[in-house]
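Just below is one structure, and these are the notes that go with it.
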Amino acid sequence: MASDRVLYGYWRSSAAFRVRIALNLKGLRYETRAIHLVREGGEQHAPDYVALNPQGLVPTLIDGGRVLTQSMAILEYLDETHPQPALLPADAAGRARVRALAQVVACDIHPIGNLRVLQWIGTQFNADDEQKSHWMRHWVATGFQALETMLASSKDTGRYCHGDTPGMADACLVPQVYNARRWKVPLGDYPTILRIDAACAVLDAFRDAMPEQQPDAPPRT
């Protein structure tokens, strides 16, 4: 797909996943370039990629020559440069609520459970795979307990996290639910989260962003 918009990501990266959702919701064309986070020690550490993104993380979005990093900053950028359909509500209180929901995932759950953290606790504390899984389940459950209450107790929650139009909070929630299933987090205590995830799952913008649909995803067996 020829495009001056290029998304560097990894098929199973939550942060890249949420940017794919946002691009799809906006109907924006983009080219995918895969950065394998594990192979040969991680392609994100290659000098040419670090020159593009000094953190050595994904995603990185190239848009018309601009280099954009950090998924939440990218979502805000996309909403400002392509206002419709909006990822954030029109009112200040609504925007604050949606950002708070999104940041429960993007700032509190995801950062302490991403690949480099799991690799570090394995190296520094000799954590085995089961201990890493226990770590992940604990922090996802802690975040989801709060998120479920925030969603279930608010009149502003509709079919989606905020009202009846999918937006920024949903773009963050769905990848985290995907990860929760991957790590076998029991989800029965989070009916509102599951209901919203199911509502998103029928939309092309979310289906097309799923990890298994990405060109760098491993072949299904």
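Structure summary
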item	result
Mean ellipticity per residue at 222 nm, deg cm²/dmol - from DSSP H runs of n ≥ 4 across the chain, formula -39500 (n - 2.57)	-15000 deg cm²/dmol
All lysines inside 16 Å of LYS184 as judged from Cα atoms, apart from same-chain residues fewer than 8 positions distant	LYS132
Residue exposure sequence - ARG95, ARG29 - by fewest surrounding Cβ within 10 Å	ARG29, ARG95
Segments 62-69, 177-184 sorted - mean Cβ within 10 Å per residue, highest first	177-184, 62-69
Extension gain from GLN103 to ILE121, taking 0.36 nm per residue of separation minus the Cα-Cα distance	4.1 nm
DSSP-defined antiparallel bridges as percent of all bridges, the chain, nearest 5	60
Highest-fluctuation residue, GLU130, GLU148, GLU43 considered, GNM on the chain with Cα pairs under 10 Å	GLU130
Correct choice for semi-axes √(5λ) of the Cα gyration tensor in Å that was computed from the model, options (i) 26, 24, 15; (ii) 44, 16, 14; (iii) 29, 19, 17	(i)
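Readers should treat all values here as calculations from the given coordinates under stated rules, not as data from a laboratory. All values reported here derive from a predicted model rather than from experimental measurement. Don't worry about glycine lacking a Cβ; one is built from the backbone with ideal geometry, like all the others, and counts go over all protein chains shown.
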